[in-house]
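Notes for the one structure printed next.
The values are calculated or read from the model by the stated rules, or taken from the named source; none is laboratory data. Since this is a predicted model, take the numbers as computed values, not measurements. Note that we place each Cβ from the backbone using ideal geometry, even for glycine, and neighbour counts take in every protein chain shown. Calculation scope for accessible area: heavy atoms of the full protein, side chains included, ligands and nucleic acids excluded. Shrake-Rupley method; radii C 1.70, N 1.55, O 1.52, S 1.80 Å.
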Amino acid sequence: MDEPSLQEILSDQIVRLVMRADKVDERALKALLEEASTNIREARTAPQDDADRSPSLPPSSRRYRLGVGIMLMNRNGAIFVGRRMDRSGEAWQMPQGGIEEGESPKHAALRELREELGTSQVEIVTSTDSWLQYDLPDEVVKRRGHESWHGQTQKWFLMRFIGEDSDIDVAAEHPEFSEWKWVSAEELVRLIVPFKRPLYVAVLKEFDTHLRGNSR
């Protein structure tokens, strides 16, 4: 079905009634509709940034959760890590989470920060060129039950924290961490659970130039 023209929209009886009731100027409305129409056409034809779309995953016998990860650095180039509430011992990790249906990776990453850290005081610096994947150990998959996924495929974002430490509240909307701290890249690799270590090393390698540029 062809989309209605602007003239057809403006001639519609209901539209005319609403315009009269709200005292809408026809020329101003027409200009707004023309601008919106142009923006929609450009959005349809413009190439998407990879951070705004999810990957097409090949068929696999193992099931992977599609998600995002966030490396949040402060003004000194130190990296945020949180201690997981649902793990005992030194269970530290960077913020991460799943991508909801219809959500872009970039929006998912910003949402996860709001939910887990209670802040939006960030700037996106860059993201990984590719999607990175890790597998859960078999014993973890079995413990989670037959409905569990076997690992995650993630787009990682490097973000700069532009707020104050007091802006971070891990007792936020969806608490994941019992405590948090800023660490060096070396300490980050040491703290993470072994099965995620190769992933973290890959993320650090991709973001190395930016991290070194922000360290003092």
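Per this entry, W149 is not counted among residues that are crowded, with 18+ Cβ neighbours inside 10 Å and either without any contact (Cβ under 8 Å) to a residue 60 or more places away in the chain or of a type outside the set (V, I, T) (or both).
Residue-by-condition table, conditions (1) at negative phi; (2) modelled with pLDDT under 85; (3) out of contact with any strand residue (DSSP E or B) (no Cβ under 6 Å at 6 or more places or on another chain); (4) not acidic (D, E):
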{"site": "Q152", "(1), (2), (3), (4)": "yes, no, no, yes"}
{"site": "F157", "(1), (2), (3), (4)": "yes, no, no, yes"}
{"site": "I168", "(1), (2), (3), (4)": "yes, no, yes, yes"}
{"site": "H174", "(1), (2), (3), (4)": "yes, yes, yes, yes"}
{"site": "A185", "(1), (2), (3), (4)": "yes, no, yes, yes"}
{"site": "T209", "(1), (2), (3), (4)": "yes, no, yes, yes"}
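Looking at G97, G89, just one residue is farther than 16 Å from V183 by Cβ, open to solvent by less than 10 Å² (accessible area, probe 1.4 Å) and modelled with pLDDT under 95, and that residue is G97. In summary, E100 fulfils each of the numbered conditions (1) touching a residue at least 60 places away in the same chain (Cβ under 8 Å); (2) within 17 Å of the chain's Cα centre (by Cα); (3) assigned to a loop (DSSP other than H, G, I, E, B) with the single exception of condition (1). Given the conditions (1) closer than 21 Å to R83 by Cα; (2) exposed (fewer than 14 other Cβ atoms within 10 Å of the Cβ), which single one is not true for I162? Of everything listed in (1) closer than 21 Å to R83 by Cα; (2) exposed (fewer than 14 other Cβ atoms within 10 Å of the Cβ), I162 misses just condition (1). Contact map, the range 66-83: first residue closer than 17 Å to E116 by Cβ and open to solvent by 20 Å² or more (accessible area, probe 1.4 Å), second residue assigned to a loop (DSSP other than H, G, I, E, B) and hydrophobic (A, V, I, L, M, F, W, C), Cβ cut-off under 8 Å, separation 6 or more or different chains; pairs are R83/A91. Taking the criterion of being more than 11 Å from V81 (Cα to Cα) and touching a residue at least 60 places away in the same chain (Cβ under 8 Å), the residues of the range 179-199 that qualify are V193, F195, K196, P198, L199.
Note on the range 200-216: residues that are touching a Gly at 6+ places or on another chain (Cβ under 6 Å) and either free of Cβ contacts under 8 Å to residues at least 40 places away in the same chain or open to solvent by 60 Å² or more (accessible area, probe 1.4 Å) (or both) total 1.
Inclusion of E103 among residues that are under 18 Å from I79 (Cα atoms) and at pLDDT 90 or above is not warranted. Restricting attention to the range 181-196, the residues being under 22 Å from the mean Cα position of the chain (by Cα) and open to solvent by less than 30 Å² (accessible area, probe 1.4 Å) number 4.
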